Amino acid sequence: MINDLSVDFSGLELKTPFFNASGPLCTTLEELQALGQSNAGAILSKSCTLELRDGNQSPRYVDFEGGSINSMGLPNLGYKAYESFFSQLVRFEKPIFCSVSGLSISDNEIILKSLANHPHLNAVELNLSCPNVIGKPQIAYDPETAQKMIAMARRAFPGILGVKLPPYFDFSHFETMAKILSQSDIQFITCINSPGNGLVVDPVSETTLIHPKGGFGGIGGKGVKPFGLSNVRKFRELLPKSIQIIGVGGIFTGMDVFEYILCGADAVQIGTAFMQEGPEIYKRIETELNDLMIHKSYSKLEDFRNQLKIVEAK
Ligand code: RRO
């Protein structure tokens, strides 16, 4: 490593500012160990529930030109399995994050209280934005429920706590959520989850690409980057500095990471591109970010974090 790519994340050291988004390739111990061996700055587990879940029927994850659509439906091994994995990940000497997505407030409370006693877990990312559980709306689109969930989580889990948000598209919605988040004593937000309920069509077979929910699913990939960037930028403007921001959405290159940090991200996560390329992606992205920083004469991330300028009017 030539530049200093490290991040102080609520007192945790991330050696690189990028790691996996919760979802792709982070469900089994083997997958989590592969993240440990990679150049990812942290290890994040698949969103977990109280009990093991098989998830939705296949096909449920399909790549298309520049992106992906998924309706996995929260397949995971149940939180107790992840608790047993975390102790086996300590040797990689990087922060361990657990994503939690219980199906009710009381499920989340049980999981979080148990995680609070785990000696090797460093942080929790509470998922308020899964778009794919049949019959369960995305919590973070309902501010009142989100507020209750976050307040409960704060009481149940005293450690480093963040929430994973869906994309917002209206300034009034950003302001409503920012008010709740500012009053909630959490350490970070992650934005954005895959924009929910997109539809991708195969014109040859005249079918949807995925089966569950009539073909509707969360969209990842290049098309969502403008919304990932806007959500990071807007929340950075509205939230106190004490809340750090992880950017997600459409990151394929070191240049994409650079753009997110320019918009105010403290760190970033990679979903679709990680699924396509595997754990080797973190080495490539590190090299690309390093080269770009050298080209621009930046030696550390603080040199350009949150420094985006508005283009002059003509
Ligand atoms: O498992 C999923 O279907 C899923 C989840 Br929990 C999520 O948060 N985001 C997503 O795109 N898929």
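Laboratory data are not the source of any read-out in this text; all were calculated from the coordinates shown. Just so it is clear, the structure is predicted and the values come from calculations on it, not from any experiment. All Cβ positions, glycine included, derive from the backbone under ideal geometry; neighbour counts span all protein chains shown.
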Report the GluC sites (Glu not before Pro) located in region 85-168 that are in a DSSP loop and have at most 11 other Cβ atoms inside 10 Å of their Cβ, or state none. Glu93
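Please find the FRET efficiency linking Asp185 to Glu206, where r is the Cβ-Cβ separation and R0 is fixed at 35 Å, and quote it to the nearest 0.05. Kindly include the intermediate steps, with their values, before the conclusion.
On the way: r = 51 Å, r/R0 = 1.46.
The calculated FRET efficiency here is 0.10.
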Can you give the extra length, in nm with one decimal, that the chain gains between Ile134 and Glu13 once fully stretched, where that is 0.36 nm per residue apart less the Cα-Cα distance? 39.8 nm
To the nearest 20 debye, what charge dipole does the chain have about its Cα centre, counting +1 at the Cβ of each Lys and Arg and -1 at the Cβ of each Asp and Glu? 520 debye
For region 233-305, build the charge dipole from Cβ charges (+1 Lys, Arg; -1 Asp, Glu) around the Cα centre, then report which of Ile243, Ser299, Phe274 sits farthest towards its positive end. Ile243
Point-to-point label distance, Arg154-Phe171, nm (Cα→Cβ direction, 7 Å offset): 2.7 nm
If you average the C-alpha positions of region 263-314 and of region 15-44 separately, how far apart do those two centres end up, in angstrom? 18 Å
Counting only C-alpha contacts under 8 Å and six or more residues apart, can you give the relative contact order of region 189-261 as a whole percent? 38 percent
Straight-line reach from Lys148: which lysines have Cα under 30 Å away, leaving out those fewer than 8 places along the same chain? Lys46, Lys80, Lys113, Lys136, Lys164, Lys179, Lys213, Lys225, Lys234, Lys241
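Just to confirm a number: summing +1 for Lys and Arg and -1 for Asp and Glu over residues other than Glu175 whose beta-carbon lies under 15 angstrom from that of Glu175, what do you get?
Details: positive: Lys179, Arg233, Lys234, Arg236; negative: Asp170, Glu237.
Net of charged neighbours comes to +2.
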Among Pro279, Pro143, Pro24, whose mean-square fluctuation peaks in a Gaussian network model of the chain (Cα, cutoff 10 Å)? Pro143
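Can you give the extra length, in nm with one decimal, that the chain gains between Thr253 and Glu93 once fully stretched, where that is 0.36 nm per residue apart less the Cα-Cα distance? Please report the intermediate quantities before stating the final value.
Numbers: separation 160, 0.36 × 160 = 57.60 nm, distance 2.49 nm.
Going from the current span to full extension adds 55.1 nm.
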Could you check the simple spin-label distance between Ile110 and Thr145, using points 7 Å along Cα→Cβ, in nm with one decimal? 1.9 nm
Just report the Cα centroid separation between region 204-260 and region 117-186, whole Å. 17 Å
Gain upon complete extension [Leu103, Val311; 0.36 nm per residue less C-alpha separation]: 70.5 nm
Filtering chymotrypsin sites (Phe, Trp or Tyr not before Pro) in region 1-63 by DSSP loop and by at most 13 other Cβ atoms within 10 Å leaves none
Farthest toward positive dipole pole in the chain [+1 Lys/Arg, -1 Asp/Glu at C-beta], among Met149, Leu128, Ser47: Met149
